[in-house]
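Shown next, in structure tokens, is the structure this report addresses.
The values are calculated or read from the model by the stated rules, or taken from the named source; none is laboratory data. None of the values given here were measured: they were computed from a predicted structure. Every residue, glycine as well, gets a Cβ built from its backbone with ideal geometry; the counts of neighbours run over all protein chains shown.
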Amino acid sequence: MKSYYKGLIILVLVILALYIPYRFTYAWFTAPSGCLKCHEVKAYHESWEKYPHKNIDCRNCHETRGPFRRLDTTFRGLKDLSNHIKGDYLAIKAVYYDANCINCHTGDYKPESQAPLMPKNHAKIIKNGDGCNNCHRDTGHKNGLGVEAKFEND
């Protein structure tokens, strides 16, 4: 019986030893200041500071919801970090989730209660499969900054 408790205590300590640093690094890297650690997103961060969503954390748009959201974000972040180290900046893709827009703008996402409610005609648009980004392309921050800069240099 004693070895059972000893094994259980060791297991709990190992889990805590892994989980606590994971949570600290996750919070550090996924905050807006953490996003700035890669030079590819500086222009997006600067434009985000000028747009209506400037008081909303990056994760509110770029992280899926659900019990495994942190793992999903972590794995996407590790993939982006690998591409960053290799210098393959075109492979780094920021994703956003329409469900996050809908939850905020229908009042279902409680941390963001200041969001204006979505107009009623948007339900039909969403049911047709059109994403929020189709019309509201530059809502969170200006999109396509890298592409525009590339064409401006020509």
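Scanning for something under 27 Å from Thr139 (Cβ atoms) and either of a type outside the set (Asp, Glu) or assigned to a helix (DSSP H, G or I) (or both), does the stretch 17-27 turn up at least one residue?
Yes, there is a match, as at least one residue in the stretch 17-27 is under 27 Å from Thr139 (Cβ atoms) and either of a type outside the set (Asp, Glu) or assigned to a helix (DSSP H, G or I) (or both).
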> Of all residues in the stretch 66-76, how many are surrounded by fewer than 17 Cβ atoms within 10 Å (Cβ to Cβ) and either in a helix (DSSP H, G or I) or among the aliphatic types (A, V, I, L, M) (or both)?
Replying inline: 5
> Taking the stated definitions as given, is His62 touching a Ser or Thr at 6+ places or on another chain (Cβ under 7 Å) and under 15 Å from Thr139 (Cβ atoms)?
Replying inline: no
> If you take the residues of the stretch 94-105 that are surrounded by fewer than 17 Cβ atoms within 10 Å (Cβ to Cβ) and modelled with pLDDT of 85 or more, which of them is farthest from the chain's Cα centre (by Cα)?
Replying inline: Ile102
> Is it the case that the stretch 139-150 has a residue that's surrounded by 16 or more Cβ atoms within 10 Å (Cβ to Cβ), among the charged types (D, E, K, R) and modelled with pLDDT under 80?
Replying inline: yes
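In this structure, is Ala91 surrounded by fewer than 13 Cβ atoms within 10 Å (Cβ to Cβ) and out of contact with any Cys (no Cβ under 8 Å at 6 or more places or on another chain)?
In short, yes.
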> Which pairs do you get when a residue that is within 30 Å of Leu81 (Cβ to Cβ), found in the stretch 1-30, comes within reach of a residue that is among the acidic types (Asp, Glu), reach meaning Cβ atoms under 8 angstrom, with the pair 6+ apart or on two chains?
Replying inline: Thr30/Glu63
> Among the residues of the stretch 46-57, is there at least one that is in the same structural domain as Asp138 (by TED's automatic domain parsing) and hydroxyl-bearing (Ser, Thr, Tyr)?
Replying inline: yes
